[in-house]
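Student: Below is a structure I'd like to ask you about.
The values are calculated or read from the model by the stated rules, or taken from the named source; none is laboratory data. Here the structure is a predicted model, which is why all the values come from computation and not from measurement. Here the Cβ is made from the backbone with ideal geometry for all residues, glycine too, and neighbour counts use every protein chain on show. Ligands, DNA and RNA are excluded from the accessible area calculation, which covers all protein heavy atoms including side chains. Shrake-Rupley method; radii C 1.70, N 1.55, O 1.52, S 1.80 Å.
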Amino acid sequence: LSSNYRPPAIHWWISRARTGQPLIPENFSMTFWSWWCAIQPAWQNMSPSTSFEAPRHNNNDWSPLDKPGKNGFWSVLAALKWWGCANSTGCDDPLWHAAIDDVKWVMEHIMEFRCPAASR
C-alpha cells in the first residue's frame with residue numbers, strides 16, 4: 001500500500017519488524033482517514049471530510065487495495081486495532097466505528113473481486 005499520508009505509527013511498526021505497539025496520538029483519526037482515502041482506487045473519489053461518510057461505489061477493480069502480505073492490508077488492520085485500543089476514546093470514537101464499517105465493506109468487495117464466482 002502507498003506510504004503517502006501513511007500514519008507515522010505504521011512506519012514505526014514496519015521499521016521495527018512489525019513488533020510492538022506504537023503510541024497513538026490524539027489526532028490519529030485524521031491521520032488514518034487521510035491515509036485511507038489516499039490508498040483508495042481512484043474511482044472511489046474519497047477525501048477526508050468532517051462527515052467521514054465513505055462513498056459506496058463498487059466498480060469491481062479493487063487492485064489498489066488488494067494487497068495481501070505484511071506490507072499490505074495488514075497495516076490497515078493493525079492501525080484500526082491500535083486506534084481502538086488507544087487513549088480514552090478508543091472504541092467509543094464514532095470515527096473509529098465509521099472506519100471499521102468502511103474497511104469491512106471494502107474487504108467484502110475485495111473478496112468478490114478476487115473470487116467473483118464465490119460471491120454469487
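Student: I'm told CYS91 meets every condition in (1) open to solvent by 60 Å² or more (accessible area, probe 1.4 Å); (2) outside any helix (DSSP H, G or I) except one. Can you identify the failing condition by its number?
Tutor: Evaluating CYS91 over (1) open to solvent by 60 Å² or more (accessible area, probe 1.4 Å); (2) outside any helix (DSSP H, G or I) leaves (2) as the failure.
Table: residues versus (1) at pLDDT below 80; (2) farther than 18 Å from PHE28 by Cβ; (3) open to solvent by 50 Å² or more (accessible area, probe 1.4 Å); (4) part of a loop (DSSP other than H, G, I, E, B).
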residue: ALA54; (1), (2), (3), (4): yes, no, no, yes
residue: ASN58; (1), (2), (3), (4): yes, yes, yes, yes
residue: ASP61; (1), (2), (3), (4): no, yes, yes, yes
residue: PRO68; (1), (2), (3), (4): no, yes, yes, yes
residue: SER75; (1), (2), (3), (4): no, no, no, no
residue: LYS81; (1), (2), (3), (4): no, no, yes, no
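Student: Looking only at region 3-31, filter to residues that are of a type in the set (S, T, N, Q) and surrounded by 20 or more Cβ atoms within 10 Å (Cβ to Cβ); which one of those is farthest from PRO64 (Cα to Cα)?
Tutor: Filtering first and then ranking leaves SER29.
Student: Right, next: Look through SER49, SER34 and report the one residue that is among the hydroxyl-bearing types (Ser, Thr, Tyr), open to solvent by 30 Å² or more (accessible area, probe 1.4 Å) and modelled with pLDDT under 90.
Tutor: SER49
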